[in-house]
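Quick notes on the structure that follows.
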Amino acid sequence: MASRALPLRWRTLQDIADVLLATTTVPEGHTLAEAMDRIRRHRDRETEIFTATTDGSAKDRQTYDHNLAEFDRLLASVMTSVQRAMKKDAEAGRWVAFGRRHPDAPEETIPPYYWPFLDIDMEEDSAKGHDLLFRGIRCLLAEEIPADHPILEQIHPQAPDTPPACDKPASADENRPIGEAAPPPSPVTLYSGTQGRPSSVETLIMPELRRRAAAGIMEPSLARECRYLSEWLRSNHPAAHQIKPLSLENSLRQLHRELKSAPTKH
């Protein structure tokens, strides 16, 4: 009997935003979610003070409206930053979205490279922009998708222009005399770093980290960069030895610090 795939944990766009709010810290050390709660409390307190002390003058009302507008501006600024981070994370493959272009259309994966051209509407669970519109969006965090789940075939389909295995350029096999035995296939290197083999960190991840730094797209946060690189390794080199983000942090801490402090080339 075929084993059943593990259930997926579907999330809304608001859920993705909440994850970012709960995990992103500000320089003061608290999370964005805590910062927003603090702003809301100050806003509520402003209303309490106005209600309890105002004499109804136009000047008091003007001051109150100005203060509320400033609190609302701060809250909107935080959410704008969160939505910008959401699109950047979606483009990097940290979360995946599925949606429909119209009611009769099948659900499809929203390609990562669409997100710079889309505006997110969390209340409507939709995204639109540049003649693109996706409704009924539901999402998955990449780190929560089981490694063998069939939905990965939909998320990472084989490129349509990838030639089949038989369409290879001429090789030594085609020129070998009839009856001569073929040499044994070369072993697949899994880059585990054991038994003298090179590690995934040295041969795959560090070069990719340097490439991203040179391109100016390396995350300033080591933790976020390691989450991206771990997913990048899984998606682009599934046969390689896989490394979790926390393990990567120990291996890349020094290099990430050096690349972040290096002057940017123009």
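The values are calculated or read from the model by the stated rules, or taken from the named source; none is laboratory data. Computed from a predicted structure; not experimentally measured. Backbone-built Cβ (ideal geometry, glycine too); neighbour counts: all protein chains shown. For accessibility, only protein heavy atoms count, side chains too; no ligands or nucleic acids. Shrake-Rupley method; radii C 1.70, N 1.55, O 1.52, S 1.80 Å.
When E108 is tested against (1) of a type in the set (D, E); (2) over 26 Å from Y228 (Cβ atoms); (3) within 27 Å of the chain's Cα centre (by Cα), only condition (2) is not met.
For T24, indicate whether it is open to solvent by 60 Å² or more (accessible area, probe 1.4 Å), within 30 Å of K128 (Cα to Cα) and within 18 Å of the chain's Cα centre (by Cα). Taking the combined requirement at face value, the residue does not satisfy it.
Within region 123-142, the residues that satisfy the criterion of being open to solvent by 60 Å² or more (accessible area, probe 1.4 Å) and farther than 19 Å from Q14 by Cα are H130, D131.
Looking at D44, D15, which is the one that is exposed (fewer than 13 other Cβ atoms within 10 Å of the Cβ), of a type in the set (D, E) and at pLDDT 90 or above?
Only one candidate qualifies: D44.
Restricting attention to region 74-94, does a residue exist that is more than 24 Å from the chain's Cα centre (by Cα) and open to solvent by less than 40 Å² (accessible area, probe 1.4 Å)? Looking for residues that are more than 24 Å from the chain's Cα centre (by Cα) and open to solvent by less than 40 Å² (accessible area, probe 1.4 Å), one finds none in region 74-94, hence no.
Among the residues here, A127 does not qualify as over 16 Å from the mean Cα position of the chain (by Cα) and modelled with pLDDT under 90.
Within region 64-71, not a single residue is surrounded by 13 or more Cβ atoms within 10 Å (Cβ to Cβ), under 18 Å from S126 (Cβ atoms) and at pLDDT 90 or above.
Have a look at A170, A105 and point out the one that is modelled with pLDDT of 50 or more and either part of a loop (DSSP other than H, G, I, E, B) or open to solvent by 70 Å² or more (accessible area, probe 1.4 Å) (or both).
A105
No other residue among A33, A58, A105 is of a type in the set (G, A, S) and within 30 Å of L152 (Cα to Cα) apart from A105.
Selection of first residues in region 57-78 that are acidic (D, E) and of second residues that are open to solvent by 80 Å² or more (accessible area, probe 1.4 Å), restricted to Cβ pairs under 9 Å at least 6 apart or on distinct chains, gives the following pairs, ordered by first then second residue: D60/T53. Which of (1) open to solvent by 60 Å² or more (accessible area, probe 1.4 Å); (2) in a strand (DSSP E or B) does I120 not meet, given it meets every other one? If we test I120 against (1) open to solvent by 60 Å² or more (accessible area, probe 1.4 Å); (2) in a strand (DSSP E or B), just (1) comes out false.
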